[in-house]
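Following: one structure in structure tokens, then a few remarks.
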Amino acid sequence: MSHGNWKDMFKAVQENHVELIEFYIRQGIDLNYQHPEYMTSPLIESVRYNHLEITKLLLANGALPEIKEVYSNKSAVEIANDLGNNEAITIINQYLSPSKRLNIKIQKKSMKAVICTKYGSPEVLQIREIPKPIPKDNEILVRIYASAVNSGDVRVRSLDVRGLMKVIMRMVLGFSKPKKPILGTVFSGVVETVGNKVSKFKVGDKVFGMTGFNFGTYAEYIAINQKSNVIEMPNNATFEEAVAIIFGGQTAIYFLEKAKIAAKPNSKILIIGATGSVGTAAIQIAKHHKADITTVCSSEGLGLVNELGVKNAILYDKEDFTKQTEKFDIIFDAVGKSNKKQCRNLLTKNGIYKSVSSGYASETIQQLQLLKKLFEKRELRAVIDKTFPMREIIDAHKYVDTGRKKGNVVLKISE
Ligand SMILES: NC(=O)c1ccc[n+]([C@@H]2O[C@H](COP(=O)([O-])OP(=O)(O)OC[C@H]3O[C@@H](n4cnc5c(N)ncnc54)[C@H](OP(=O)(O)O)[C@@H]3O)[C@@H](O)[C@H]2O)c1
């Protein structure tokens, strides 16, 4: 029986299609084969989905309960234990030797998370029940209320980069799929538990933060070090607003600091790509520095740019901004569609050109502090295009994939 059929059978486990599984068993499918794309077993998947008729069927037909899935290194009974699924434990215990049987626990210790099962289109994202993290001594456990789907997330999911960059990204993120399978880099939520050595936060604090290459925010909970990039939320922000100001805000601060905006009050700045997450934040950060702003955006984006208080806009669908005669002290390409050579004639003598394509905007706690301060002073507002519940993660990624969102897309994790 081919391994292609195995994939179909695996899907049948997820969809609780008992008759189809019986059919594949009659055909002699290998129930203990671990497909390289999944690295788990149908038995484990039946437990995750709580499809216990199928769990019984698989065990009765030779599925081995000792098999461990690769990414968690746990067997079906251990996963049932993490999920607090006593019924599954009872079923699997019957097929284990007495020394390997697990005692039944009372408390549910699982959470929902979006798992990126491999690189590809949005459909590679799956919602699964996985063990809830337990904070270490220096960590806080945050119940996440909101995350955001950012351009960076869809790039990681799709591995949409060219040439050598693709090789580098695979080396950093994981060769065939992300090593850290829960994507998402920003969160807002409430501290639920604190580790023994935590002094910076207490239970009940409302916090927001960013995890960078540690990812992990498309989940109901995250355990993070108290000294990582997490601080108290702006006191006047909702969870959705707090999370929406992070990604673009942090990136805009990074590049505008590189352009030395603070040292040049009243500078003339051109912001190319002003309506995305980074662009809308860049406008507001530049305003904070009293810059004289001109933007490059589409006719469709003009209304938003005006709403953010900018009158000067060059509409890229009507004219070529590189043909302008005006000069700028800073040019910031917030969408990475230009290069320095194209923009050279638009720069003043000591003018500085920066683009999101030139280097990684590393995250710091100072950036979060500045965002909090500006939001509380109402100098910064959250630009939210759409909000999706976690169960619609695929649609959220499809929308961000278009590259046309205005501002930010929020992912609502908990009500
Ligand atoms: N280097 C780093 O560390 C770093 C960090 C963050 C982001 N980035 C990169 O920065 C870029 C922007 O990120 P983002 O999150 O702001 O993306 P985004 O929110 O998805 O940006 C979409 C916006 O860009 C506008 N746009 C598309 N093509 C344009 C063009 N030719 N000229 C002007 N505007 C255009 C779109 O409006 P219209 O459709 O109306 O034109 C839309 O509003 C991405 O490529 C991302 O990978 C880099």
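Worth a mention:
- Taking the conditions (1) in contact with a Lys or Arg (Cβ under 9 Å, 6 or more places away or on another chain); (2) surrounded by 15 or more Cβ atoms within 10 Å (Cβ to Cβ) in turn, Ser121 satisfies each one other than (2).
- Taking the criterion of being under 15 Å from Ser357 (Cα atoms) and more than 13 Å from the ligand (Cβ to nearest atom), the only residue of the range 255-271 that qualifies is Ala259.
- Which listed residue is away from the ligand (no atom under 16 Å from the Cβ) and in contact with a helix residue (DSSP H, G or I) (Cβ under 8 Å, 6 or more places away or on another chain), from Ala146, Ala219: Ala146
- Some residue of the range 364-380 being surrounded by fewer than 15 Cβ atoms within 10 Å (Cβ to Cβ), modelled with pLDDT of 95 or more, within 10 Å of the ligand (Cβ to nearest atom) and within 21 Å of the chain's Cα centre (by Cα): no
- Search result, residues across the range 18-67 that are at negative phi, surrounded by fewer than 17 Cβ atoms within 10 Å (Cβ to Cβ) and assigned to a loop (DSSP other than H, G, I, E, B): Gln27, Asp30, Asn32, Tyr33, His35, Pro36, Glu37, Tyr49, Asn61, Leu64, Glu66
- Members of the range 308-330 that are under 22 Å from Ala281 (Cβ atoms) and within 13 Å of the ligand (Cβ to nearest atom): Leu308, Ala313, Ile314, Leu315, Tyr316, Phe321
- The condition of being crowded, with 22+ Cβ neighbours inside 10 Å, assigned to a loop (DSSP other than H, G, I, E, B) and within 12 Å of the ligand (Cβ to nearest atom) holds for only one of Ala282, Ala274, Ala252, that being Ala274.
- Any hit, the range 335-347, residues being modelled with pLDDT of 95 or more, under 20 Å from Leu370 (Cα atoms) and away from the ligand (no atom under 12 Å from the Cβ): no
- From the options Ile130, Ile134, residue that is in a loop (DSSP other than H, G, I, E, B), over 15 Å from the mean Cα position of the chain (by Cα) and not acidic (Asp, Glu): Ile134
- Within the range 381-411, the set of residues being within 10 Å of the ligand (Cβ to nearest atom) and either in contact with a helix residue (DSSP H, G or I) (Cβ under 7 Å, 6 or more places away or on another chain) or assigned to a loop (DSSP other than H, G, I, E, B) (or both) comprises Val383, Val400, Asp401, Thr402, Gly403, Arg404, Lys405, Lys406, Gly407, Asn408, Val409.
- Where Lys166 falls short, out of the listed (1) modelled with pLDDT of 95 or more; (2) under 20 Å from the mean Cα position of the chain (by Cα): (1)
- Scanning the range 182-211 for residues that are part of a strand (DSSP E or B) and among the small types (Gly, Ala, Ser) turns up Ser188, Gly189, Gly209.
- Test result for Glu257, assigned to a helix (DSSP H, G or I), in the same structural domain as Ser188 (by TED's automatic domain parsing) and over 14 Å from Tyr316 (Cβ atoms): no
- Taking the conditions (1) over 21 Å from Val230 (Cβ atoms); (2) loosely packed, with under 15 Cβ neighbours inside 10 Å; (3) away from the ligand (no atom under 16 Å from the Cβ) in turn, Asp137 satisfies each one other than (1).
- Meets criteria (hydroxyl-bearing (Ser, Thr, Tyr), surrounded by 15 or more Cβ atoms within 10 Å (Cβ to Cβ) and more than 8 Å from the ligand (Cβ to nearest atom)) for Thr294: yes
The values are calculated or read from the model by the stated rules, or taken from the named source; none is laboratory data. All values derive from a computational prediction rather than experimental measurement. Neighbour counts run over all protein chains shown; Cβ positions are idealised from the backbone, glycine included.
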